[in-house]
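Data first, discussion second: the structure below is written as structure tokens.
The values are calculated or read from the model by the stated rules, or taken from the named source; none is laboratory data. Please read all numbers here as calculations on a predicted model, not as lab measurements. When we count neighbours, we look across all protein chains shown, and the Cβ atoms used for this are built from the backbone with ideal geometry, even at glycine. Only protein heavy atoms, including side chains, enter the accessible area calculation; ligands, DNA and RNA are left aside. Shrake-Rupley method; radii C 1.70, N 1.55, O 1.52, S 1.80 Å.
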Amino acid sequence: KLEAEAGADASKKAYCDKELSETNTKKSDKTAEIQKLTTRIDRMKARSSILKEEMQTLQAELANLASTQTNMVSLRSKEHEAYTASKADMEKGITGVKMALKILSEYYSSADKAHEASGAGSGIISLLEVVESDFSKDLAEIVSTEETAQAAYNRETKDNEIEKATKDKDLEYKTKESTYLDKESAELTTDREGVQAELDAVMEYLA
């Protein structure tokens, strides 16, 4: 009887030892799997958080860029309007001076010697020629200033377009990556919850 009982006890101990060994192995495996999933989830969440901060910065920079371009367009429009008005006034002035010079020149060069240019007449013509020269220089300067301003505007606008395209593409990529990471981390969190449930069952059985 004692030998039979000893044999039964030995069988029970062998069974318990086997179950304990297998259960502890499962416990270690599940614990390691949870740690691995947790590391991946934490890494993905951290990366997604960084991307979201970078996305906010890009959005702010794009808004600032759009505002800058709008201000540039408004300023350029006002400058061009002022240029158009100044150019028209200057051209009218030059036309008027040329007309006066023509009339005076014809008057003093007529056959009637009584109208021969006197010192005063010659002085007036010389003065008008100086005025015409000054007006022409001013007009050339106005045109040059406008061309320089327009060229600078075109260059800055092109730079802004390139910068906007680059930032738009960067924002697009970061948004896609952040969305993917959020989706993946959510799925891994669900997986971890499943493994945690399995580990809880193992721990209960082990107890």
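Just checking, does the range 127-150 include any residue being more than 20 Å from Asp89 (Cβ to Cβ), open to solvent by less than 70 Å² (accessible area, probe 1.4 Å) and without any contact (Cβ under 8 Å) to a residue 24 or more places away in the chain?
No, that holds for no residue.
Suppose the filter is closer than 22 Å to Thr68 by Cα and within 24 Å of the chain's Cα centre (by Cα); does Lys174 pass it?
When the stated conditions are applied, Lys174 does not pass them.
Just one of (1) within 30 Å of the chain's Cα centre (by Cα); (2) under 30 Å from Glu187 (Cβ atoms); (3) open to solvent by less than 50 Å² (accessible area, probe 1.4 Å) trips up Gln69, so point out which.
Tallying (1) within 30 Å of the chain's Cα centre (by Cα); (2) under 30 Å from Glu187 (Cβ atoms); (3) open to solvent by less than 50 Å² (accessible area, probe 1.4 Å), Gln69 fails exactly one: (2).
Working only within the range 150-178, note down all residues that are closer than 27 Å to Glu53 by Cα and among the β-branched types (Val, Ile, Thr).
Ile162, Thr166, Thr175 - these are the residues of the range 150-178 that are closer than 27 Å to Glu53 by Cα and among the β-branched types (Val, Ile, Thr).
If Glu22 meets every condition in (1) over 30 Å from Asp170 (Cβ atoms); (2) of a type outside the set (S, T, N, Q); (3) touching a helix residue (DSSP H, G or I) at 6+ places or on another chain (Cβ under 7 Å) apart from one, which number is that one?
Going through the list (1) over 30 Å from Asp170 (Cβ atoms); (2) of a type outside the set (S, T, N, Q); (3) touching a helix residue (DSSP H, G or I) at 6+ places or on another chain (Cβ under 7 Å), Glu22 breaks only (3).
Where residues in the range 177-200 are among the β-branched types (Val, Ile, Thr) and more than 23 Å from the chain's Cα centre (by Cα), which of them is surrounded by the fewest Cβ atoms within 10 Å (Cβ to Cβ)?
Thr190
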